[in-house]
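Student: This is the structure I want to talk about, given as structure tokens.
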Amino acid sequence: MPAAALKTQFESLLGGHLGWQSRPAPECVPSGVPALDAATGGLPRGCLTEIFGPPSSGRTSLLLSILAQATHRQEVCALIDAEDAFDPASAHAAGVRLDRILWVRSANNAEHALKAADLLIHGGGFGLVVLDLGDTQPATARRISLTSWFRLRRAVESTPTVLISVACQSNAKTCATLQLECARERAAWSGALHSSRLLRAIAARATSTQRSKTCSPVFTATAL
């Protein structure tokens, strides 16, 4: 029986139109970087967003901007720190309200960090949950299976939580709704040439991949 005829038969039996119920578009929140928000529409709630790039690529500055925005919205945020890389002083200087941050330290154990993220998402009540694997060895991070990432994605669906993973390279792959790849473009220094100089800022580019669309806004990571 042709598909159209079969559909008509089902509709007559059910007494109504037969159609798929599409998932509504997720609510998005700002990252605090206007160029990035204009290009991506913001960070989607109920979804996994992946931020990755090498050291000094702007990924930490982007994360601190996201944390500052979330805490100033009076949201409680959870930061799972796999390698004790979080610096509260730098975060405070970047505008993060530390009294709105639950800092979970997993003692250099990526598996424990993953379990902590899963428990916090299921516990609920967090506007933002960050799994920071930025200083985790790439080989260790790669051992996290796609099944584990899929489980996290499923856990955060239908919740108001923004789930973010930070790493040196992409690990979640297709499990991430939004991917932001950070790369350093140039550095700004103060002081005379051929003398002692201070790093003032880094121009970074975040290449965004979302629903098969790619954009590359540039933002500045300022040295604190």
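The values are calculated or read from the model by the stated rules, or taken from the named source; none is laboratory data. The shown structure was predicted, so the numbers you read here are calculated from the model rather than taken from an experiment. Here Cβ is always computed from backbone atoms with ideal geometry, including for glycine, and neighbour counts include all displayed protein chains.
Student: Yes or no: segment 47-59 includes at least one residue that is touching a helix residue (DSSP H, G or I) at 6+ places or on another chain (Cβ under 8 Å), surrounded by fewer than 21 Cβ atoms within 10 Å (Cβ to Cβ) and not β-branched (Val, Ile, Thr).
Tutor: There is no residue in segment 47-59 that is touching a helix residue (DSSP H, G or I) at 6+ places or on another chain (Cβ under 8 Å), surrounded by fewer than 21 Cβ atoms within 10 Å (Cβ to Cβ) and not β-branched (Val, Ile, Thr).
Student: Would you please name the residue that is modelled with the lowest pLDDT, looking only at residues in segment 184-224 that are in contact with a Lys or Arg (Cβ under 6 Å, 6 or more places away or on another chain) and either among the aliphatic types (A, V, I, L, M) or in a loop (DSSP other than H, G, I, E, B) (or both)?
Tutor: The selected residue is Ala223.
Student: So, Asn171, is that one in contact (Cβ under 8 Å) with a residue 12 or more places away in the chain and buried (at least 22 other Cβ atoms within 10 Å of the Cβ) or not?
Tutor: In short, yes.
Student: Identify all residues within segment 37-67 that are part of a helix (DSSP H, G or I) and either polar (S, T, N, Q) or more than 21 Å from Leu133 (Cβ to Cβ) (or both); write none if there are none.
Tutor: Selection gives Asp37, Ala38, Ala39, Thr40, Thr60, Ser61, Ser65.
Student: Select, from Ala117, Ala110, the only residue that is surrounded by 14 or more Cβ atoms within 10 Å (Cβ to Cβ), over 16 Å from Ala70 (Cα atoms), in contact (Cβ under 8 Å) with a residue 40 or more places away in the chain and hydrophobic (A, V, I, L, M, F, W, C). Reasoning before the result, please.
Tutor: Numbers: Ala110 fails: in contact (Cβ under 8 Å) with a residue 40 or more places away in the chain.
None of the others qualify; the one that does is Ala117.
Student: Now a separate question. Please note which strands (runs of 3 or more DSSP E) are completely contained in segment 85-183 and include at least 2 residues that are of a type in the set (A, V, I, L, M, F, W, C), at pLDDT 95 or above and within 15 Å of Pro44 (Cβ to Cβ).
Tutor: Numbers: elements: 101-105, 128-132, 162-167.
Here the list reads 128-132, 162-167.
Student: Separate question: Could you count how many residues in segment 186-206 are surrounded by fewer than 13 Cβ atoms within 10 Å (Cβ to Cβ) and under 24 Å from the mean Cα position of the chain (by Cα)?
Tutor: Qualifying residue count for the region: 1.
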